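Read the structure below first, then the notes.
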Amino acid sequence: MKCRNERGRFTEGYRRDLDMEMIKNLYLNGKSIENIAKQMNCNFATIYKRLKDMDIPLRLKGFQSMEKNVKWAGGKYQDNLGYVHIYKPEHPMANSSDYVLEHRLIMSEYLGRILERQEVVHHKNGNVTDNKIENLELISSNNKHMQQHHAKNREQSLKIKAILKLYQEGIGTIEITKMLNIGAGVASYHIKQAGMARSLTEAQRLRRKRESK
């Protein structure tokens, strides 16, 4: 975005679309301000100001940028959503900033082919920083990915309803855990979340009532 300053010259306006986290990580990984500006399609002053705004200590002149430093072994940064990005400028799946999402890169290397744009790499345990191949699953499209998430949410909702129903009937958390084959503490967690925790007297009354049937 261009705008005129008080002298009538064109300058770059405040770019709200720039990824501050990426700028920080690129610079801290050794990339020069000039190269970051070129990569992000803006001018030197914009990147310089962003780094100053984030209180990033600027390097002295003569420091070798990561592209020239023989000790640099590749950049990596984590975005605001937790996804890990790897610096791979020559990779076919690299974005306009020369980074590839780590989970997509690992799946691509595992399959021995480039992933299609519509293919989604799903984290089985929900932790997007856990990019071990055993935690990754390839799904053919985002629609199917969303369907899988919805199905999982429905299953979770039904399980919670079953926990609360059994608890209302006077069954204890240990028995519920065995009956529903769920992890220890899961029943107690959802019962507390629902605000249904009962007193010892109430638990005993319900148990007697159930046993008398």
Given the structure, is Glu21 out of contact with any Lys or Arg (no Cβ under 9 Å at 6 or more places or on another chain), at pLDDT below 55 and either in the same structural domain as Glu90 (by TED's automatic domain parsing) or not aromatic (Phe, Trp, Tyr) (or both)? no
Where a residue in the range 96-123 is among the polar types (S, T, N, Q) and its partner, wherever it lies, is part of a helix (DSSP H, G or I), with Cβ under 8 Å and at least six apart: Ser96/Gln39; Ser97/Met22; Ser97/Leu26; Ser97/Gln39; Gln118/Asn142
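The values are calculated or read from the model by the stated rules, or taken from the named source; none is laboratory data. Since we're looking at a predicted model, the values are computed, not measured. When we count neighbours, we look across all protein chains shown, and the Cβ atoms used for this are built from the backbone with ideal geometry, even at glycine.
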